[in-house]
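Beneath this line is the structure, given in structure tokens, with notes to follow.
The values are calculated or read from the model by the stated rules, or taken from the named source; none is laboratory data. This structure is a prediction, so every number in the text was calculated from the model and none was measured. Here Cβ is always computed from backbone atoms with ideal geometry, including for glycine, and neighbour counts include all displayed protein chains.
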Amino acid sequence: MDRFEAMRTLIAAVDGGSLSAAARSLNLPLPTVSRRVSDLESFLGSQLVVRTSRKLLLTEAGTAYVASARRVLEELSEAERAASGEYRAPRGELLVTAPIAFGALNVAPIVHDFLAAYPDVTVRLVLSDSTIDLIETHVDVAVRIGRLPDSSLVARRVGEIRWVVCASPDYLERRGKPETPDALSQHDCIAFEGLQRYREWPFMDGNAQQQVTINPRFSVNTADGVVGGAVAGVGIARVLSYQAVASIRAGSLLPILVDRAPPPMPVHLVHAPHQQQPLKLRAFLDFVASRLQQRLQAISHDIAGSGQSFRRAPQPVANSALVTTSEARSA
């Protein structure tokens with residue numbers, strides 16, 4: 001019995017909730033997965049899991065063993081990375097996650113340039129709007145938008161994005177420009193929503209937040225659909241700055257009510273702490289941070305320069321020192 005493979009199989013079964021899930025994730029036959037877990041239990045002389053019709057449950061001994069097995073496999077992986085030269089030169093694979101639209105528009109192009117600069121490093125870029133657990137899934141770097149929860153993860157702030165209310169010049173010429181958020185009730189709006197309705201738009205009234213209810217003539221569940229409707233003159237849209245900037249640069253959309261926009265949302269690169277940071281990770285963070293910062297600054301500059309200024313200027317991010325996410329949250 002290969003104990004390391006047995007440990008990996010057990011952990012995959014626990015994480016997936018069943019032996020079948022482990023078989024799928026490891027691309028192994030179900031009997032092989034079941035035999036590995038049984039052989040491990042026989043070797044240890046202790047029952048580690050209780051198999052039910054719905055899921056796999058850990059026994060008390062199994063809970064303690066899985067926790068130790070995770071540490072052993074992580075130390076083994078660290079030793080293998082050191083032996084393969086990851087700490088002498090940037091090489092190996094990086095697993096990176098980012099939100100779908102933001103990642104496709106702003107992260108993927110930078111990754112392309114990174115791969116050209118570092119031929120010994122490969123990157124798996126996973127675009128998902130779900131919050132992925134970096135530790136459980138062994139993600140090296142995540143791009144996160146918004147306030148960060150308290151954790152031991154390390155964060156590097158690279159900029160900010162904000163919500164932008166905008167409309168086409170043709171629409172504003174036909175219907176006039178709303179001067180206050182309350183005036184939106186007299187305008188056609190475009191809602192970014194799916195099966196559930198989302199028709200409350202937040203604005204700032206001094207230091208207080210104001211919620212304005214819109215009555216959309218058109219609703220769609222993708223940002224591209226919202227922007228496309230606004231460019232076509234269907235109505236007034238509310239999208240994120242990076243989603244609107246191409247149309248604003250082209251002059252097909254104009255920002256409105258910019259002095260009433262809510263505070264911006266920070267953008268961070270987040271990763272797990274390392275006693276000895278692999279060079280591939282350090283190279284990636286340094287390469288991406290500066291370029292992503294430049295992109296976000298250009299987006300803010302172009303939108304602010306489209307004829308009006310935002311309620312407050314983008315916060316400087318020249319100091320991109322690493323902090324824990326609890327510190328980043330309070331910053």
- Quick check: is even one residue across the stretch 216-232 in a loop (DSSP other than H, G, I, E, B), at pLDDT below 95 and either surrounded by 17 or more Cβ atoms within 10 Å (Cβ to Cβ) or not acidic (Asp, Glu) (or both)? yes
- Message: If I filter the stretch 65-96 down to residues being surrounded by 13 or more Cβ atoms within 10 Å (Cβ to Cβ) and small (Gly, Ala, Ser), which single residue comes out as modelled with the lowest pLDDT?
- Response: 85
- Within the set of pairs 6+ apart or on separate chains, which have a first residue in the stretch 236-254 that is in contact (Cβ under 8 Å) with a residue 60 or more places away in the chain and of a type in the set (Gly, Ala, Ser), a second that is part of a strand (DSSP E or B) and surrounded by fewer than 19 Cβ atoms within 10 Å (Cβ to Cβ), and C-beta atoms under 6 Å apart? none
- Query: Of everything in the stretch 133-147 that's in a loop (DSSP other than H, G, I, E, B) and over 11 Å from the mean Cα position of the chain (by Cα), which residue is surrounded by the fewest Cβ atoms within 10 Å (Cβ to Cβ)?
  - Reply: 138
- Since residue 258 meets every condition but one in (1) closer than 30 Å to residue 135 by Cβ; (2) surrounded by fewer than 22 Cβ atoms within 10 Å (Cβ to Cβ); (3) β-branched (Val, Ile, Thr), which condition does it not meet? (1)
- Task: May I ask you to say which residue of 268, 274 is part of a strand (DSSP E or B) and touching a helix residue (DSSP H, G or I) at 6+ places or on another chain (Cβ under 8 Å)?
- Result: 268
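Can you pull out the residues in the stretch 43-61 that are surrounded by 11 or more Cβ atoms within 10 Å (Cβ to Cβ) and out of contact with any Lys or Arg (no Cβ under 9 Å at 6 or more places or on another chain)?
At the first step, the residues of the stretch 43-61 found to be surrounded by 11 or more Cβ atoms within 10 Å (Cβ to Cβ) are 43-44, 46-51, 55-59, 61.
Residues satisfying the conditions are 44, 46, 47, 48, 49, 50, 51, 55, 56, 58, 59, 61.
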- Those residues of the stretch 98-119 which are aromatic (Phe, Trp, Tyr), over 26 Å from residue 227 (Cα atoms) and part of a helix (DSSP H, G or I) amount to 114
- List every residue pair whose Cβ atoms sit under 7 Å apart, with the two residues 6 or more apart in sequence or on different chains, where the first one lies in the stretch 177-196 and is small (Gly, Ala, Ser) and the second, anywhere, is crowded, with 19+ Cβ neighbours inside 10 Å and in a loop (DSSP other than H, G, I, E, B). 191/214
